[in-house]
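Student: Attaching a single structure in structure tokens format; questions to follow.
Please treat every number below as a calculation from the coordinates, not as lab data. Treat the numbers as computed from the prediction; the structure is a model and nothing was measured. Glycine also receives a Cβ, built like all others from the backbone with ideal geometry; neighbour counts cover every protein chain displayed.
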Amino acid sequence: MGLDFQPVIFKGKFIMEKSRRTPSIRGMTKRLPKVGITMGDPAGIGSEITAKVLTRDNIGEFCVPIVIGDADVIRQGFKVIGADPTFEVVHDLEDALEPARNYVYDLDNVSLADYSFGRISAQAGRAAGESIERAIELAMEKKIDAIVTNPIHKESFNLGGYGERFPGHTEMLAALTGAKSYCMMLASGNLRVCHVTTHVSLLDALTRYITTERIVEVIKLADGVGKQLGFEDPLIGVAGINPHAGEHGLFGDEEKRIIIPAIEKAVELGIKVEGPVPADTLFSKAKGGWYTVAVAMYHDQGHIPCKVDGFVYDHETERWSMRGVNVTLGLPIIRTSVDHGTAFGKAGKGTADRHSLLEAVKFAVDLVRGQPHMGEDHQQDLAG
């Protein structure tokens, strides 16, 4: 099997049946999951989209939302959208929280005078970092069931004192939870893509970081999240690096030297996996449900299909609909995130799209429940 550049296919009837999944039961169990939502950078759109999700989407029907950050920042988000604040302020989670209510775990850690919408600020970056740090502590203490993170601005995060220790969310989460093996997964509807490498140059990815050992690690994480989502027989599709997955060595031998040995090792571990699959067909098959999770070798190989599917621009209305979700796999806690940035150009204007945050909350709940997250159909919502 495999060393003549032929794709490695773990054979069995599961390939014909694809991945069986249990029906979605979000919200049907008695205890609602407690979902901590970090406020993100106060100068960005985090408070606005949080206010929109709390007021427009009835997320209290399937979770207990707890926004972690400064209460005045969240009130500012409600003001931006022209809505009255609909949350109760708490300073600890010792008392029972009621269903169908929204809560803000008030850190009281930044003044509205310390920052302006759309502007880089050390104070805003520090406050955003403290929000994440406290959310991680609450999750590790089992006081919340999952974390959903709003976007941070990397420069403000750095000025606020966090950048030297943590380049971003993922590294901070891994360090503060003690995770050693982790990866980024992007999800848009039925498309789920794990990444072998992310924020490194393409040259470094190809020459230093895409290794057999790392690919095995990511395949294992992909298989794990498939099972965590309730799929009985997750099938993992692994991308090739080169055009046509190397075309039997005509376009490169990385498939033979690096990827095929990783797939063979995963097969030995009992994982149902197929590949290397040419990247120009892998993601359409994953979107259609053939693969439970796809494994991409580098940042743009996985991000482009997810964002083409998850970010939809309407030329007539000049508006975006954003529904992608970022998930960190391999942590001892559940963490999902929006799949977009702080959008400083839109901050404070009331026009930011909330749907990526909504999908991130739903995905977190589904991970808690152990059921598939299929996403929602794209429908333009002119109210954001």
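Student: Residue by residue through segment 334-347, what is 3J(HN,Hα) from phi via Karplus (6.51 cos²θ - 1.76 cosθ + 1.60, θ = phi - 60°)? Round to whole Hz and write x for glycine and proline.
Tutor: 8, 9, 10, 7, 4, 10, 8, x, 6, 6, 3, x, 9, 4
Student: Also: Determine the alpha carbon to alpha carbon distance for each of K154/K227; K285/K307; K142/K362; K227/K287; K180/K265 and list only those over 23 Å. Walk me through the numbers before you get to the answer.
Tutor: Numbers: K154/K227 33 Å; K285/K307 16 Å; K142/K362 19 Å; K227/K287 18 Å; K180/K265 20 Å.
Going by Cα-Cα distance, K154/K227 fall outside the 23 Å limit.
Student: Hey, what do the phi angles of segment 291-296 turn into as Karplus ³J(HN,Hα) couplings, whole Hz, using 6.51/-1.76/1.60 and θ = phi - 60°, x for Gly and Pro?
Tutor: Per residue, the Karplus-derived 3J(HN,Hα) values read 9, 5, 9, 9, 10, 9 Hz.
Student: Among (i) -0.41, -1.03, -1.17; (ii) -0.57, -1.06, -1.16; (iii) -0.45, -1.08, -1.23, find the value of log10 I(q)/I(0) by the Debye sum over Cα atoms at q = 0.08, 0.13, 0.14 Å⁻¹ that was calculated from the structure presented, and write down its label.
Tutor: (i)
Student: Multiplying the sequence separation of D108 and R165 by 0.36 nm and subtracting their Cα-Cα distance, what value in nm do you get? Walk me through the numbers before you get to the answer.
Tutor: Numbers: separation 57, 0.36 × 57 = 20.52 nm, distance 2.34 nm.
The D108-R165 span can extend by a further 18.2 nm.
Student: Within segment 220-310, report the GluC sites (Glu not before Pro) that DSSP leaves as loop and that have at most 13 other Cβ atoms within 10 Å. Mind dumping the intermediate values first?
Tutor: On the way: sites: E232, E247, E254, E255, E264, E268, E274; in loops: E232, E247.
Hits after loop and neighbour filter: E232.
Student: Under 10 Å, Cα contacts only: if you run a Gaussian network model on the chain, which one of G40, G252, G237 comes out with the highest mean-square fluctuation?
Tutor: Top of the fluctuation ranking is G252.
Student: For the chain, modelled as a Gaussian network with Cα springs under 10 Å, which listed residue fluctuates most, P261, P278, P332?
Tutor: P332
Student: Taking H placed 1.01 Å from N in the peptide plane, check which residues at least 5 places from V90 or on another chain put their amide H under 5 Å from its amide H.
Tutor: V104, Y105, D106
Student: Let me ask you something else. Separation between the D204 and L269 pseudo-spin-labels, each 7 Å from Cα along Cα→Cβ, expressed in nm?
Tutor: Result for the modelled spin labels: 2.5 nm.
Student: Over 21 Å apart: what share of the alpha carbon pairs of segment 173-239 falls there, rounded to a whole percent?
Tutor: Details: 643 of 2211 pairs.
Beyond 21 Å sits 29 percent of the P(r) for segment 173-239.
Student: Placing +1 on the Cβ of each Lys and Arg and -1 on the Cβ of each Asp and Glu in the chain, which of G46, I271, P151 has its Cα farthest towards the positive end of the resulting dipole?
Tutor: I271
Student: Between T281 and E247, what is 0.36 nm times their sequence separation minus the Cα-Cα distance? Round to one decimal in nm. Show your work: numbers first, answer last.
Tutor: On the way: separation 34, 0.36 × 34 = 12.24 nm, distance 1.38 nm.
Here the answer is 10.9 nm.
Student: Given points 7 Å out from each Cα along the Cα-Cβ axis, report the D95 to E316 separation in nanometres with one decimal.
Tutor: Distance between label points: 5.1 nm.
Student: Follow-up. Any chance you could get the radius of gyration and Dmax over the Cα atoms of segment 97-171, in Å?
Tutor: When restricted to Cα atoms, segment 97-171 yields Rg and Dmax of 13.5, 40 Å.
Student: Here is a further query. Give the aspartates and glutamates reachable from K256 as a straight Cα distance under 13 Å; neighbours fewer than 8 places away on the same chain don't count.
Tutor: D4, E247, E264
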